[in-house]
1. Kindly indicate whether Arg212 is in contact with a strand residue (DSSP E or B) (Cβ under 7 Å, 6 or more places away or on another chain), over 18 Å from Gly100 (Cα atoms) and surrounded by 15 or more Cβ atoms within 10 Å (Cβ to Cβ).
2. Select, from Ala225, Ala176, the only residue that is crowded, with 16+ Cβ neighbours inside 10 Å and in contact with a Lys or Arg (Cβ under 6 Å, 6 or more places away or on another chain).
3. For the stretch 100-141, give me the residue count where each residue is modelled with pLDDT of 90 or more and among the charged types (D, E, K, R).
4. Just checking, how many residues over the stretch 171-229 are free of Cβ contacts under 8 Å to residues at least 60 places away in the same chain, of a type in the set (Asp, Glu) and in contact with a Ser or Thr (Cβ under 8 Å, 6 or more places away or on another chain)?
5. Would you call Leu161 over 23 Å from Trp61 (Cβ atoms) and either out of contact with any Cys (no Cβ under 6 Å at 6 or more places or on another chain) or not aliphatic (A, V, I, L, M) (or both)?
6. Examine the stretch 91-98 for a residue that is modelled with pLDDT under 85 and either in the same structural domain as Ala244 (by TED's automatic domain parsing) or over 19 Å from Val228 (Cα atoms) (or both), and state whether such a residue exists.
7. Could you check, for the stretch 232-247, whether at least one of its residues is among the hydroxyl-bearing types (Ser, Thr, Tyr), within 21 Å of Glu115 (Cα to Cα), in the same structural domain as Pro111 (by TED's automatic domain parsing) and out of contact with any strand residue (DSSP E or B) (no Cβ under 6 Å at 6 or more places or on another chain)?
Amino acid sequence: MDLTAFVFLAPFAFLALVLWIATRTARRHREQAQGQLTADAAARVWTFENGTEGLFDLQRWSGHTDGHHWTAEYRRGRHRKSSGPTRTHRLRWWTEGFGGPTTPILLIGVPRGKELPALQLTEGEGLLATMAQKAAGFALDKALDAHFGEDAGRQIDARALRMVEGVGLPGFLPMAVDIAQARYWLDQPAHRQALLAQVDDAASAFSNEQDRPWVLLLGRRLMLAQPVAVRSTADLDRLVRAGAALAEAFR
């Protein structure tokens, strides 16, 4: 190889070497992280498995906490946009067997002081209001699928959900199909106190003002969902402890 060819090819060879090292390093870090998650789960007597589902990396745990059997899933997806690759993070947790309301109740986690939506539309405000309501219902339907999974989303008609006004629940925007039942359920001292305690507890996932978990009461299932990354078992444990505390108060 003459000098000219060497000078021309050297940058490409160097770039390939850097990419190879970066790929190997990233793979080693992922393997170490997976090994740590497996060890942490075993230490807590949880089950742990990981794999892929479509465009998502999937991790799943199950275990018992304070007498409640639960399952948790963390989905991490990678998508490409014109601005570059982006990641989506979806963490959901659920338990079953508690005495929930007969119709769905959704608590959308929001920063304290933002409990009222920016725009409230009532029925009978004309064509534009009707179109806006339909658009909002469609967006909420997609959000329910993203947060709680398509199986749960299929069981809820997002267009039937209405704001539950007058409950004064800091950190949450409550919605329900049966407004009277939801107001009665949320006004129960044990339920209300449990939710407020989680918001005020710095160790709880619910203390996250920007990404406060959503809560879905669906039949005998209690579900929590939060769009955050799980980098260690401690990140998951914050949601597990919060979910078990709510399940205990809601039973």
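The values are calculated or read from the model by the stated rules, or taken from the named source; none is laboratory data. Remember, it's a predicted structure, so these values are computed and weren't measured experimentally. Reconstructed Cβ throughout: ideal geometry from the backbone, glycine too, with neighbour counts over all protein chains shown.
1. Judged against the criteria, Arg212 is a match.
2. Residue meeting the stated conditions: Ala225.
3. 1
4. 2
5. yes
6. Yes, the stretch 91-98 contains at least one residue that is modelled with pLDDT under 85 and either in the same structural domain as Ala244 (by TED's automatic domain parsing) or over 19 Å from Val228 (Cα atoms) (or both).
7. no
Yes/no matrix, rows are residues, columns are (1) part of a helix (DSSP H, G or I); (2) at pLDDT 95 or above:
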residue: Asp151; (1), (2): yes, no
residue: Ile156; (1), (2): no, no
residue: Arg159; (1), (2): yes, no
residue: Glu165; (1), (2): no, no
residue: Leu169; (1), (2): no, no
residue: Leu196; (1), (2): yes, yes
residue: Phe206; (1), (2): yes, yes
residue: Leu216; (1), (2): no, yes
residue: Leu222; (1), (2): no, yes
